[in-house]
Ligand SMILES: [Zn+2]
């Protein structure tokens, strides 16, 4: 995925700068033609991995695959929120998540839960997850995500990815949403 060719082909920068569009969503029919799940460029919201040039305004480009279930599009939106929150509210985000260090865990290998109270977790690690994508784990954990410390299991979000992502997004602090849209 050559983002700069894509921007030029569809005249994206002039549309962003004129206010005609705010962001770009690429939907593809399978494969990896959609590029990254999300990327961003602009004066204060730059994701270096895609190499996408700045249009002059902050802009997100999402990459979705319409042959897959829709919870995976929400998953991509979740990674975008992680990026935006870490970008502008890093220490607050890391405390709120409290499990971001788990991203370096090997896939498909269970790791013990942390002791004590955890936060809201992240897109790969719900508060009680023992491995990546562990949305259906019934283990008990103490979490303060909802605003008070309570024992939770996956039943609080319905033990599936869609339910977890909706639950997770519902506790995102309101002041992070402006970062989510690149403002
Ligand atoms: Zn992911």
>> Could you give the length gained by full extension between residue 104 and residue 169, i.e. 0.36 nm per residue of separation minus their alpha carbon distance, to one decimal place?
In response: 21.2 nm
> Hey, rough spin-label estimate for residue 151 and residue 79, points 7 angstrom out along Cα→Cβ, what's it come to in nanometres?
Replying inline: 3.6
> What does the convex hull of the Cα atoms come to per residue for the chain, in Å³?
Replying inline: 121
>> Which of 49, 66, 133 ends up with the largest GNM mean-square fluctuation for the chain, with Cα atoms connected below 10 Å?
In response: 49
> Working out 0.36 nm times the residue gap between residue 23 and residue 114, then minus their Cα-Cα distance, what length gain in nm do you get to one decimal?
Replying inline: 29.0 nm
> In what sequence do 97, 22, 134 fall when counting other Cβ within 10 Å, fewest first?
Replying inline: 22, 134, 97
> For the range 106-157 and the range 65-83, what is the separation of their Cα centres, given in Å?
Replying inline: 20
> If one puts a single equal scatterer on every Cα of the range 90-183 and applies the Debye formula without solvent, what log₁₀ I(q)/I(0) results at q = 0.19, 0.22, 0.24 Å⁻¹?
Replying inline: -0.86, -1.14, -1.33
>> Over the range 24-144, what is the relative contact order in percent, taking alpha-carbon pairs closer than 8 angstrom and at least six residues apart?
In response: 18
> For the range 1-95, taking Cα atoms only, what is the radius of gyration to one decimal and the Dmax to the nearest whole Å?
Replying inline: 13.6, 41
> Taking a label point 7 Å from the Cα of residue 130 along the Cα→Cβ vector, which residues of the range 95-115 have an amide N closer than 20 Å to it?
Replying inline: 99-115
>> As a test, work out the antiparallel percent of DSSP beta bridges whose residues both lie in the chain, rounded to the nearest 5.
In response: 50
> Taking the chain as a Gaussian network, Cα atoms linked when under 10 Å apart, which of 50, 14, 76 shows the biggest mean-square fluctuation?
Replying inline: 14
>> Using a Gaussian network model on the chain with a 10 Å cutoff between Cα atoms, which of 118, 61, 16 fluctuates the most?
In response: 16
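Every read-out reported here was derived from the displayed coordinates using simple, explicitly stated rules and does not represent laboratory data. Keep in mind that what you see is a predicted model, and the values were worked out from it rather than measured. Glycine gets a Cβ as well: all are built from the backbone with ideal geometry, and neighbour counts include every protein chain shown.
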